[in-house]
Every structure is written in C-alpha cells, then in structure tokens.
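Enquirer: Can you keep this structure in mind? I'll have questions shortly.
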Amino acid sequence: MTMLRFEWLLLIRSRLTLAALIVLSVLSIFAVARGLHEVARQNAVIAHLETLQKNDMSDLAKAYGPEGDAGYAAYYSFHHTFDPPSRLAFAALGQRDVLPYNLRVRALGLQAQLYEGDIFNPELALPGRFDLSFVLVYLTPLFLVVLLHDLVSGEAESGRLSLLRAAPKAGIALWLRRAALRSALVFAAVAVPFVAGAVIAQAPVAGVMGGVALIALYVMFWTALCLLTAAFGFGSRINALVLLSQWVILVLVAPTLAHIAISRSVPVPQGVDIVLKHRQLVHGAWEVPKDLTMQRFFHSHPEWKATAPLGKTFEWKWYFAFHHVGDESVAADVATYRGRILQRQALAEGVGYLLPSVGVQAAMERLGDTDIRGYLSYQDQIKTFHTALRRFYYPYIFNKTPFPEPEYAKVPRFEPRSYGGGIGGFYLLTLAALSAGLGGGGVWLMRKRIV
Amino acid sequence: MSRVLTIALNEGRALLRNRTAVISAALFLLLSLMAILNAWDQFRYAQGLRQTYQSEANQTFDAQPDRHPHRMVHYGHFVFRPLNPMAAFDPGVDAFTGQMLYLEGHRQNSANFSDTRQNTSLVRFGQLTPAFCLQVLAPLLLIFLGFGVIARERENGTLVLCLTQGVTGPQMFWGKALCLAVVAGLILLPALVSLGWLATQAMLGWGLTLAILTGYVLYLLIWTMGIVLVSRFARRGREALLGLIALWAFFCVFVPRIAPDLIAHARPLLTQMETDIRIHKELKAMGDSHNPDDPYFNAFRQKVLKSYGVSRVEDLPVNYKGLLALEGERMTSALFKAYADRNFGQQHAQTRLMDGVGLLAPVLAVQRVSMSGAGTDLSAYQAFLEQGEAYRFGLVQHLNQLQATALTYADDTNKARENRISHDHWTNYPDFVFRPPAMAERLERLSPALGVLALWCGVLLGLGQWSALRLERLMK
C-alpha cells in the first residue's frame, strides 16, 4: 500500500501525466454532457412533433368528419411513429444522426413510405459524432500511449534502471504497479463521467455495469499492448512509435479495410429494387382486373371475402386492397434486404473480436441501442403499427360504416419499441481473454528480459 | 544554398537507413494504392448500377400504356443521382446522401437509399479513399518520419556541433524542411497520379484539378513546416513526437468531430415531418379546390371564365379540372420550393460556420477544397435535389396540361367513364439529365479555403525563418 502511495506521489509530480489525465477527464465529461444534451434534444423533437401531429389530426377530423367517409380518413391521416433514444444512448449516439427517428405513415402501402429519410446536413454527418464512445475508442488509447510508453525505458534513460534492479525485492512488480495505477486512473477518467451520466439519465443498472466493464476491458487491452511493447526493451521513442503505429492500424486503417471486405463479400440487394417493384405493382393495379386484386387480398384476409362485390365506380376497399397486395408482393425482397443488412452487421461485430476498436464501438452502440439493429427493430415497430392501422380501418371501409369525427379518437396510437440493447457477455469474455493473453505475454517477456 | 541541399540530402540518407521510416512509408504507399483501386472499382460498380436503374426507369416510364394523365402524375418517375468519377478520389458526402428520388404529383419526396442506411457503423470509421489517405494518414506519416529532424540532432548534441562548424541556423532549418517537403511530395505522388487520371475521366477541367492539387500541396506543406517547427523547439525527440501527435489528434480527429456537433446544435434544422405538416397547413390556408365555396378557387374560376369569355366551366374550350390541377401543383410546388430554399439556406449557414472553423483547422479547409473541387459536397447534392424538383414540376405540369387539353370536362367528370389518352404524350417526354454545378461556382466556393491554406502556409514559413534565425542561440 505504501508503495502505491509513493507511485501516486511520483505521478502527481509529473506534469505531463497529470495534464494528460485532466485533459482526458475534461473530454469525457464534455462528451457525456454533449450526449445527454443530444438525447434531450431528440426527445424534445419527438415531443414537439407529437403535438404538431395531434393538432394536424384534429384539423383533419374537423375537415373530413362531417363527410364521414372512412376512406378519406384513412387516405389523408398520417400517424407519427418515433423511436426515442434509450437511456444509455447518451454514451454512443451511433447512427441516430443519419437514420430517421421520426416517420409519418398512413394506411397506404408501407414499402413506399418506410425508406423516407429525415433532413440532415451530410457534411456535418461526415466525421461522426463526438460522444463518449468516440472518446473511449479513439482518444483513450492515445492517452494510455502517452502515459505508458516510457514505463521501463523512462527509468533506463534517466539512469535509474540499474539502481532499481539492484534494489532488494526487485522484480517486475514495480512496473506492474505503475502501469496498473496509471491505467486505473485513465479508466476512472472515462468511467466516472459515464456513470455520472448514466445516473442523470436514469439508466438501468445492468447496462451501466456492462458499459463500465466495457470501458475497463478496453483500457486493459491497451494497457496490455503497452506492457508487451515495453517488454521488448526499446527506447521510449521507439516504444511511442510502435504503439502509435498499433493505434493507427487498429483504429484508423483496419476498420476501413474491414468495411471494404464486408461490403464486397455481402452485396446488399439494392433497396431501390423493392421500391421500384412496389411502385410497379401498386400503380399497375389500375390496369389489372379489379377482381383479381381482390382475390389476392382475400387470400391473406379471408374475413372480408363475404362483403359486397365491387361496383363499376371507384371504391376505397379496392384501393386499400391493392396497396396491401403491393406490400405483400415485395415481402420476400424486403426480407432478403433486411437479412443482408443484418448479415453485414453480424460480420462487422465478428471483426470486432479481432479488432477491439471496432468491437468496442459496436458494443457501445449495441448498449445504447443506437446501431442499425436498433433502427431495424424501429422499422419492425412501424410495420406492426401499420398493420394495426390497416386492420382498424378495414371494418369501416369494407362494411361502409360511417366514420364521423368522434371515431378519429379511436385510431390506434403508435407505441415506441422497448429497449432492445444490451451487452454480449461472450464478447466481454473474449476481450478479457485477449487482454489477459497480451498482458500475460508482456509480463512473461518482461521477467525474461528486464529482471 | 548548396549547404541547404547537403543538409537535406544527409537527412534523406538518414531516413533511408531508418528501417521503420522506410517500412511505414512503403505501407502508406501500399495503402494509397489500395485506396485508389478500391475506390475506382466501387465507383464503376455503383455508377453502372445507377445507370442501369436510370435507363430502366426511363424505359418503364416511356412504356406505360394509355392512361388518364392524372394516373401518370401519381405513377411518377424515378431519377437517380449519377456518380461523379471524382468520387473515387474524394467521395465527400456521397455515402450519406440519397441516391434515388421518387418524383410524383402533389408531393416532394426525400432522396432515399443512401449507403449509410444499408451499412454497418464501420462506415463511420472513415472510408479508405485517396482523400482520406492524404488528409488524415499522410500528416501522421510525416510526423513519424520527421518528428526528430532537428530534435534528435539536439538530443545527440550534433546540432551544436554543426552550428559551431559554420552552418547557419537558416541553412540547418531549411535543409531539414526541404528534405521533409520532398518526402511529402513523394507521398503525394500516387494520389496525384490518380487525381489526374480521374480528373480526365470526370472532365473536371484544369482549373479545378489545379485547385485540388494546390490545396493538397499547401496542406502537406503546412504539416511539413509544423513538424520541423515543433522539432526545432522540442528538447528531445520523444517530446517532439508526443507534441506532434497531440497536435495531429487535435486537428485531424478532435476538431472535425466537435465542430459539426456544436454547429448542428447551434443551428438546428427543421425536421422533414414538421416541414410536411407546415406545407400542408399553409396549403389548406391558401385554398381548397375540393370545397365549392372556397374563396381562392372561386376567384380563380371567375378569372378563367372571364379570360375565355364564357359564363360556365362546361363552356370552356379546355378541361377545367386540368386547369385546377395546374393551379394546385403550381401552389404546392411554390411552397416546396420556399421550404427547400429555407432548408438549403439553413444547411449552408451551418456549412459556412464549418468553413469558419476551417480557419483554425487546415484539415477542414483542405476538405472543403477537395470536396467542392471534386463536386461531391453538399452543394452538388443540393443541385441534384433542385434539378430533380424542377424536372418533377415540369413533368407534372406537362401531364396536367394534357389533362386540360386532351380531355374534355364532360368526359373527365363522368364517373362511369374510363378516360385514357395515348401514351405517345409521355413516351417522348425528355429524360432527366443532371448538370453538376459549374466550374466557376465550385471555384468560388473553394477559393476562400484555398486562401486559408495559403495563409497558414505563409505564417508557418515566416515563423520558420524567424525561429531558424534564432537557432544559433542554442549554442550559448
């Protein structure tokens, strides 16, 4: 314990070390504050749109209520779907800046509506967000390199190494203690703001623990790399160069190569195809005999088979039927499209087992539920809601039940999806094993070469 | 002068003997080469795909059977954003912007199916392109190669030795700087070859190619000078390395991330949904063509009747429903345009702020030069959206005009009758052709950033000379 206190005294006397730790803490605190702020902003946007939508709906009810035609109600009324950020989203804002989290849908063909995007400035989206996952994945390793690159070599260069070796109880305990203390402080500089942010955001305890574990393991991984590099006994300058090269490869270069490899090996069938096909089907319906369309619709909705046959003039039930038949006809393509995107995501997560930079970023986004998986489950939620919406209007449309103003209040309301994120225990274990392996190798080598 | 050359040559020889330097430089060149090949391959694939889609969309549109023109208004048309060969050099915002625009009557859709929507978050780590290599990796390589140019000599005591031998401070300083500048030139070479080749493919023109080239030359010169300067002031090689890495992380990683975040926060954009709701509301306030007592459309009817000198819509020589459709589309499109202009204005205000930050971070300035020069920036994307909207409006009004002239009012209001007109009317409608922003416009947009880079360069060169003159003080 006293030894650790001495280490602490040494540490706080080193201006570089102290400055590095303070800068990292400030960056983490700032990132957490930005994240919390952004989450609050997204929630405010959702609430604002919810109000606008409510007013829009009541205007609509006033305008079309007197006519009482359910067809008009279903055709003209849009419904607000939204995907509120999770309580842990503040730590990794993920893809929420480029993927929409608000979408208006109506009871018409969903596939023509599902891929609409929100307005964002692509030039601002280009570099990615400044959040805690960025501080952790990109910047924390750099700080560790600054603090640990001269672990042994610093003593050698100042001429104290032989003295330390000659001391009683010499060994590598000193280096391990020093490395442990410094990386523990680096961990605290990131983890404490994270926990504080999580408390403010009222995040679930299990998720917070998962996030803390992730931060700890990523710091451990880089500490292990630093130990291993130090064990080779180069000078401080070479150590710094070697460690920085590792950082460049792991954080900057390898992910881009992985991206190329994944997008080449899993070509995503273009979502464009779905929309083109869907439009062909929906608009082609005007050329197809109406009864044929109805037969296709009754195939999946037999409960409406017994309703009155179509007359010569335009009828809403035929209109909504062909919209739905359009959706049904592209269902297989939609499933493939979605499957391929998930396949890409799974591959990227697989790459994460080899590249902790990619793995930890993906895990943080999974924890915040802000990645493409989260977005796809938002799409599922929209789909469920859209089905409920259609099924709500069908009785009015097929039975020609009047739809006066009070009915508008009965329209189903969108329920946001529940938190679907989490942290993979297996991933944490692998990362721990990887760090332990590297660190163990470093200790073994150090014992052999330095003592 | 000859001494400057000797010092530069000596430093070059030392670099060649340094195994880590040679290996990292070789790795960088390999990476640049891969970036070029991959980017070009991806470009050809994506471009081929979009061309196929566009010609298919044109064919299906032309092949539509005889129909009521208003059905064609709803059937609509698709336009695809053509890729620009320069995207293989600098994709700019390409991965984040929609590639397909659905054009239909009454509605203005967003451009959909950007790469980011069908990709993993790996794309956010950056894409390996020649531009990424030059903007982010090249400075890092230069730091690795050059952090010790002067600091190491000082650490080893050879600096004082040289200076006492009659080498002047400026000779020492500029010799080292010259060597690193030559290295920077070599680093730039493969990217430049690809730039030249892609520029001819894209028919970019000399002005823009030269502007992009100048931008990167200035950018790497800024880093060269920065590195030699830090190396000159550092007492030890390690200090120089850590200081330079801190500078690099600050300028190339930190500022580009933090600045857009703060700007997006300070200048929020209107959401798509709110835009839609507002447009709908304003439209309703202007007039409702379905309402027989609507004041706006009653006045419109009176005006039409008066201009034709008849008293009933049934007596008009044209189909009044077509005229209503024309008027309705004119009104909605005017609103779409007003909101689009406002939205583009907001985004440009954000981008201008970003360019302002570029004064402090040269990487942002070089990004501006590169993206705007290549035509892969926000403005190029907005030009596509605007031209798409103009094409939509022209097409829809062409069809509405057909409804007014090729159908009679009596037929069109007869609900029991199926009204169709010959498909010849739209088969021959001209196809969509995208015209990228003109060279003058792009040069105008990138020249302030070029000025910023030149300013940085000038300041650093001046600082270099100032510090070089003081180098001899180290002997005391």
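Enquirer: Within region B:112-139, whose backbone N sits under 18 Å from a point 7 Å along Cα→Cβ of B:M34?
Expert: Residues B:122-139 qualify, since their backbone N sits under 18 Å from the label point.
Enquirer: While we're here: How large is the accessible surface per residue of the protein assembly as shown, computed with a 1.4 Å probe and reported in Å² as a whole number? Each step should come with its number before you reach the end.
Expert: Numbers: 38290 Å² over 927 residues.
Ligands and nucleic acids excluded, the figure is 41 Å² per residue.
Enquirer: To the nearest Å, what is the center-to-center distance of region B:355-424 and region A:135-211, using C-alpha atoms only?
Expert: Computed from Cα coordinates, the inter-centre distance equals 56 Å.
Enquirer: Sticking with this structure for a sec: Quick query: amide H of B:I421 versus all other amide H atoms, modeled in the peptide plane; which residues come in under 5 Å with a sequence gap of 5 or more or a different chain?
Expert: Correct list: B:R67, B:H68.
Enquirer: Further question on the same structure: State, to one decimal in nm, how far the label point of A:Q280 lies from the label point of A:S418, with both points 7 Å from Cα in the Cβ direction.
Expert: 4.2
Enquirer: Now for a separate question. Per 20 Å bin, what percent of the C-alpha pairs of the protein assembly as shown does each bin hold, from zero upward?
Expert: 13, 40, 30, 13, 4, 0
Enquirer: Moving on. Restrict the search to region B:400-453; then list the trypsin sites (Lys or Arg not before Pro) that DSSP places in a loop and that have at most 15 other Cβ atoms within 10 Å of their Cβ. Kindly include the intermediate steps, with their values, before the conclusion.
Expert: Values: sites: B:K415, B:R417, B:R420, B:R442, B:R445; in loops: B:K415, B:R417, B:R420.
Filter output for region B:400-453: B:K415, B:R417, B:R420.
Enquirer: Related question: Counting only helical runs of four or more DSSP H residues, what would the 222 nm mean residue ellipticity of chain A come to if each run contributes -39,500 (n - 2.57) and the total is spread over all its residues? Display every interim value, and only then the final one.
Expert: On the way: 18 runs with 300 residues, N = 451.
Using -39500 (n - 2.57) per qualifying helix, the result is -22000 deg cm²/dmol.
Enquirer: Can you list the HN-Hα couplings for region A:184-194, worked out from phi with the Karplus curve (6.51, -1.76, 1.60; θ = phi - 60°), rounded to whole Hz and with x for Gly and Pro?
Expert: 5, 5, 4, 4, 4, 4, 9, 6, 5, x, 4
Enquirer: Could you work out how much longer the chain between B:L189 and B:D293 gets when fully extended? Use 0.36 nm per residue separation minus the Cα distance between them, nm to one decimal. Please list the in-between numbers first.
Expert: Values: separation 104, 0.36 × 104 = 37.44 nm, distance 7.20 nm.
Contour length minus the Cα-Cα distance gives 30.2 nm.
Enquirer: Something else now. If each DSSP helix of 4+ residues adds -39,500 (n - 2.57) and the sum is divided by the residues in chain B, what number results at 222 nm, nearest 500 deg cm²/dmol?
Expert: -23000 deg cm²/dmol, from helical runs alone.
Enquirer: Now for a different question. Roughly how crowded by other chains is peptide B:84-97, in terms of the mean Cβ count from those chains within 10 Å of each of its Cβ atoms? Let's see the in-between values first.
Expert: Working: counts 0, 0, 0, 0, 0, 0, 0, 1, 3, 6, 2, 4, 10, 6.
Taking the mean over all residues of the peptide, I get 2.
Enquirer: According to a simple spin-label model (label point 7 Å from Cα along Cα-to-Cβ), what is the distance in nm between A:A40 and B:K303?
Expert: Roughly 4.9 nm, to one decimal.
Enquirer: In the protein assembly as shown, if the dipole is taken from +1 on Lys/Arg beta carbons and -1 on Asp/Glu beta carbons about the Cα centre, which of A:L151, B:S447, A:V45 is farthest to the positive end?
Expert: Final value for the positive-end residue is A:L151.
Enquirer: Residue by residue through region A:106-113, what is 3J(HN,Hα) from phi via Karplus (6.51 cos²θ - 1.76 cosθ + 1.60, θ = phi - 60°)? Round to whole Hz and write x for glycine and proline.
Expert: 10, 6, 6, x, 6, 5, 7, 10
Enquirer: Under the definition of Cα pairs under 8 Å and six or more residues apart, what whole-number percent is the relative contact order of region B:321-476? Can you show the working numbers first?
Expert: Working: 85 pairs, mean separation 58.4, N = 156.
Reported as a whole number, the value is 37 percent.
Enquirer: Sorted by mean Cβ packing within 10 Å, highest first, what order do the peptides A:54-62, B:309-317 take? Write down the numbers at each step before the final one.
Expert: Working: A:54-62: 15.3, B:309-317: 12.2.
Ranked by mean Cβ neighbours within 10 Å, highest first: A:54-62, B:309-317.
Enquirer: Would you mind pulling out the separation of the Cα centroids of region B:285-299 and region A:314-351, in Å?
Expert: Answer, in whole Å: 40.
Enquirer: Related question: Below 10 angstrom from the Cβ of B:F297, what's the summed charge of the other residues (Lys, Arg +1; Asp, Glu -1)? All intermediate terms of the calculation are to be shown ahead of the outcome.
Expert: Numbers: positive: B:R301; negative: B:D288, B:D293, B:D294, B:E327.
Here the count lands on -3.
Enquirer: If you put +1 on each Lys and Arg Cβ and -1 on each Asp and Glu Cβ, how big is the dipole of the protein assembly as shown around its Cα centre, in Debye rounded to 20? Don't skip to the answer; put the middle values down first.
Expert: Numbers: 86 positive and 68 negative charges, 754 e Å.
Roughly 3620 debye for the protein assembly as shown.
Enquirer: Give me the percent of the accessible area of region B:125-255 that comes from carbon and sulfur atoms, probe 1.4 Å, all protein chains in place. Intermediate results must be reported in sequence, preceding the final value.
Expert: Values: 3080 of 4350 Å².
Carbon and sulfur together cover 71 percent of it.
Enquirer: Give the average over all directions of the projected area of the C-alpha convex hull of chain B, one decimal, in nm².
Expert: The orientation-averaged projected area of the Cα hull of chain B comes to 27.4 nm².
Enquirer: If you don't mind, there's one more thing I want to ask. Over chain A, with a single point scatterer placed on each C-alpha, what log10 of the ratio I(q)/I(0) does the Debye formula yield at q = 0.13, 0.14 1/Å?
Expert: For the requested q values the scattering log ratios are -1.14, -1.26.
Enquirer: Run through region A:151-221 and list the trypsin sites (Lys or Arg not before Pro) located in a DSSP loop whose Cβ has at most 16 other Cβ atoms within 10 Å.
Expert: Numbers: sites: A:R160, A:R165, A:K169, A:R177, A:R178, A:R182; in loops: A:R160, A:K169.
Those satisfying the criteria are A:R160, A:K169.
Enquirer: I've got another one for you. Taking H placed 1.01 Å from N in the peptide plane, check which residues at least 5 places from B:F113 or on another chain put their amide H under 5 Å from its amide H.
Expert: Here the answer is B:Q99, since their amide H atoms fall under 5 Å of that of B:F113.
Enquirer: Evaluate the charge dipole of region B:2-475 about its Cα centre and quote only its size in Debye, nearest 20, assuming +1 on the Cβ of each Lys and Arg and -1 on the Cβ of each Asp and Glu. Intermediate values should be presented prior to the final figure.
Expert: On the way: 43 positive and 36 negative charges, 372 e Å.
It comes to approximately 1780 debye.
Enquirer: May I pose another question? Can you list residues whose amide H is under 5 Å from B:L103's amide H, if they're 5+ apart or on another chain and H is modeled 1.01 Å from N?
Expert: The answer is B:H77, B:F78, B:V79.
Enquirer: Give, in nm to one decimal, the length gained when the segment between A:T313 and A:E287 is fully stretched (0.36 nm per residue of separation minus the Cα-Cα distance). Display every interim value, and only then the final one.
Expert: Values: separation 26, 0.36 × 26 = 9.36 nm, distance 1.46 nm.
Taking 0.36 nm per residue and subtracting the Cα distance, the gain is 7.9 nm.
Enquirer: Each residue of region B:251-267 in order: what ³J(HN,Hα) in whole Hz does its phi give by Karplus 6.51 cos²θ - 1.76 cosθ + 1.60, θ = phi - 60°, with x for Gly and Pro?
Expert: Per residue, the Karplus-derived 3J(HN,Hα) values read 6, 8, 10, 6, 4, x, 8, 6, 4, x, 4, 5, 5, 4, 6, 6, 10 Hz.
Enquirer: Which of the residue pairs A:K277/A:K305; A:K290/B:K306; A:K54/B:K415; A:K317/B:K306 have a Cα-Cα distance greater than 32 Å in the structure shown? Kindly include the intermediate steps, with their values, before the conclusion.
Expert: Details: A:K277/A:K305 27 Å; A:K290/B:K306 42 Å; A:K54/B:K415 35 Å; A:K317/B:K306 41 Å.
Result: A:K290/B:K306; A:K54/B:K415; A:K317/B:K306 exceed 32 Å.
Enquirer: Next question, about the same structure. Taking 0.36 nm per residue of separation and subtracting the Cα-Cα distance, what length does fully extending B:T413 through B:V182 add?
Expert: Working: separation 231, 0.36 × 231 = 83.16 nm, distance 7.81 nm.
Stretched fully, the B:T413-B:V182 segment lengthens by 75.4 nm.
Enquirer: Ok, one more. Run the quick spin-label model on B:M439 and B:L463: label points 7 Å from Cα toward the beta carbon, then report their separation in nm to one decimal.
Expert: Result for the modelled spin labels: 3.6 nm.
Enquirer: What average number of partner chain Cβ atoms lie no more than 10 Å from the Cβ of the residues making up B:258-269? Mind dumping the intermediate values first?
Expert: Numbers: counts 8, 3, 10, 13, 2, 3, 8, 4, 0, 2, 2, 5.
Per-residue shielding by partner chains comes out at 5.
Enquirer: How many Å² of accessible surface get buried when B and A come together, counting both sides, probe radius 1.4 Å, rounded to the nearest 100?
Expert: Details: alone 24480 and 22490 Å², together 38290 Å².
Buried area (both sides, nearest 100 Å²): 8700 Å².
The values are calculated or read from the model by the stated rules, or taken from the named source; none is laboratory data. The structure displayed is predicted, hence computed values, not measured ones. Positions of Cβ are backbone-derived with ideal geometry, glycine not excepted, and every protein chain shown enters the neighbour counts. The area values use the complete protein model at the heavy-atom level, side chains included, leaving out ligands, DNA and RNA. Shrake-Rupley method; radii C 1.70, N 1.55, O 1.52, S 1.80 Å.
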